[in-house]
Amino acid sequence: RLSGQYALITGSTSGIGLAVAKRLASRGCNVVLTGYGNVDKALSEVKASLVPEQKNQAHYIPADLTKDSEVLKLYDESCKVMKRPVNILVNNAGFQHVSPIHEFPLDIYHNMMHVMLDAPFILIKCVLPGIIGLFFFQKKKKHKWGRIINIASTHGLVASPNKSAYVAAKHGLVGMTKSIGLELCQPLFKQVNCTCNVICPGWVETELVQKQIYERMKKSNRNYEQESFALVSEKMPKGEFVQPHHVAHMVDHLCQEASDVINGTSIPIDGCWTVL
Ligand code: NAD
């Protein structure tokens, strides 16, 4: 199913996005990475995951997702380097800022909305015509198959204090996923096998969380291990992190035939966080 497909994964230079890119590359997908920092390391790790017999490729395209023009350019350039329209889109890029709302900097609020809500909207809008096969060169060789997979968070389903912008963006992404899932059931998409779902992970052991652990350590007497256990077990009773590869595995699963009927839904990977 995944061999020879064309995937764009945002925020794929580290953490969850990198794990997803490696997983899709190892399944024979062509992949485009994007994000900041660690680019050479990320690209070489993904290239090492490619399947030589499949001749699939990995590319890196820089883009600042706070800017609409760069998001649009990212889509165009991704299709250009892969020589086919993107048909697997993983909207993963994101960042956190923890602050009470009365002190929350407005520029950070706007950047969060751009990266975690506007950019996914624009990319989904760009990707769907290619999946439906509206491009002239696809008329003969249609590949009316696609997957849109958004990475929200448990904070797309429930809230925590001092994360109002993040919680708003992630709830927005969950809502957008529901609406697009429904659109994909409309007559225009009758002959198209495309789904849109959102994964909602709990605490995942990545840079995004490490920053929050260091911040908490400033106010406690705990060392890194103690603080990370305290942070995780407040919400996930076993005190164990989700790992990036767990999320990557779910992305792979959503691309398989067994998932053709999973559409418009939120999939928590959260060690019981949302059942409490
Ligand atoms: P990470 O910091 O390792 O990765 C974030 C990625 O987003 C990086 O590649 C970064 O370069 C990219 N990015 C950030 N701002 C960008 C911008 N303006 N333009 C382009 N790229 C930008 O973090 P992660 O934990 O792997 O997070 C990935 C996604 O998973 C995020 O959307 C995050 O909200 C979500 N998430 C993370 C956790 C967690 O506990 N780590 C839990 C639930 C959801």
Worksheet item: Plugging the Kirkwood radius over Cα pairs into Stokes-Einstein for the range 86-128, at a temperature of 25 °C and a viscosity of 0.890 mPa s, what D comes out in µm²/s?
Response: 210
Discussion item. What three numbers, in Å, describe the spread of the alpha carbons of the range 230-276 along their principal axes, ordered from the longest?
Written reply: 39, 21, 12
Worksheet item: With Cβ to Cβ distances under 10 Å as the rule, what net charge do the other residues near residue 157 carry (K, R +1; D, E -1)?
Response: 0
Practice prompt. Express in nm, to one decimal, how much length is gained between residue 81 and residue 159 on full extension, taking 0.36 nm for each residue of separation and deducting their alpha carbon distance.
Written response: 24.1 nm
Worksheet item: Across the range 144-240, how many lysine pairs separated by 8 or more positions, or lying on different chains, have Cα atoms within less than 27 Å?
Response: 21
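When only DSSP loop residues count, what trypsin sites (Lys or Arg not before Pro) in the range 199-276 have their Cβ near at most 13 other Cβ atoms within 10 Å? Don't skip to the answer; put the middle values down first.
Values: sites: 211, 216, 218, 219, 222, 235, 238; in loops: 222, 238.
Passing both the DSSP loop test and the Cβ count: 238.
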Discussion item. Taking the Cα centre as origin and putting +1 on Lys and Arg beta-carbons and -1 on Asp and Glu beta-carbons, what dipole magnitude results for the range 136-276, to the nearest 20 debye?
Written reply: 640
Worksheet item: Based on the Kirkwood radius over alpha-carbon pairs, what is the Stokes-Einstein translational diffusion coefficient of the range 65-141 at 25 °C with 0.890 mPa s viscosity, in µm²/s?
Response: 174
Worksheet entry | Environment charge of residue 223, counting only residues whose C-beta is closer than 15 Å and scoring Lys/Arg +1, Asp/Glu -1 | +1
Worksheet, complete the sentence: Scattering profile of the chain from the Debye formula, Cα beads only, expressed as log10 I(q)/I(0) at q = 0.09, 0.14 Å⁻¹, is -0.40, -0.98
Worksheet entry | Around residue 9: net Lys/Arg minus Asp/Glu count, Cβ-Cβ under 15 Å | +2
Worksheet entry | FRET efficiency, 1/(1 + (r/R0)^6) with R0 35 Å, evaluated for residue 69 and residue 274 via beta carbons | 0.45
Worksheet item: Could you give the length gained on full extension between residue 40 and residue 224, defined as 0.36 nm per residue of separation minus the Cα-Cα distance, in nm?
Response: 63.4 nm
Fill in: Value at 222 nm in deg cm²/dmol, rounded to 500, when DSSP H runs of n ≥ 4 in the chain each add -39,500 (n - 2.57)
-13500 deg cm²/dmol
Discussion item. Restricting to DSSP loop positions (anything but H, G, I, E, B) with no more than 16 other Cβ atoms inside 10 Å of their own Cβ, which chymotrypsin sites (Phe, Trp or Tyr not before Pro) remain in the range 50-116?
Written reply: 95
Practice prompt. Over the residues of the range 1-59, compute the C-alpha Rg and express it relative to 2.2 N^0.38 Å.
Written response: 0.97
Worksheet, complete the sentence: So the FRET efficiency between residue 182 and residue 47, C-beta based with R0 = 30 Å and rounded to 0.05, is 0.20
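Every read-out reported here was derived from the displayed coordinates using simple, explicitly stated rules and does not represent laboratory data. These figures come from a predicted structure and were not determined experimentally. Positions of Cβ are backbone-derived with ideal geometry, glycine not excepted, and every protein chain shown enters the neighbour counts.
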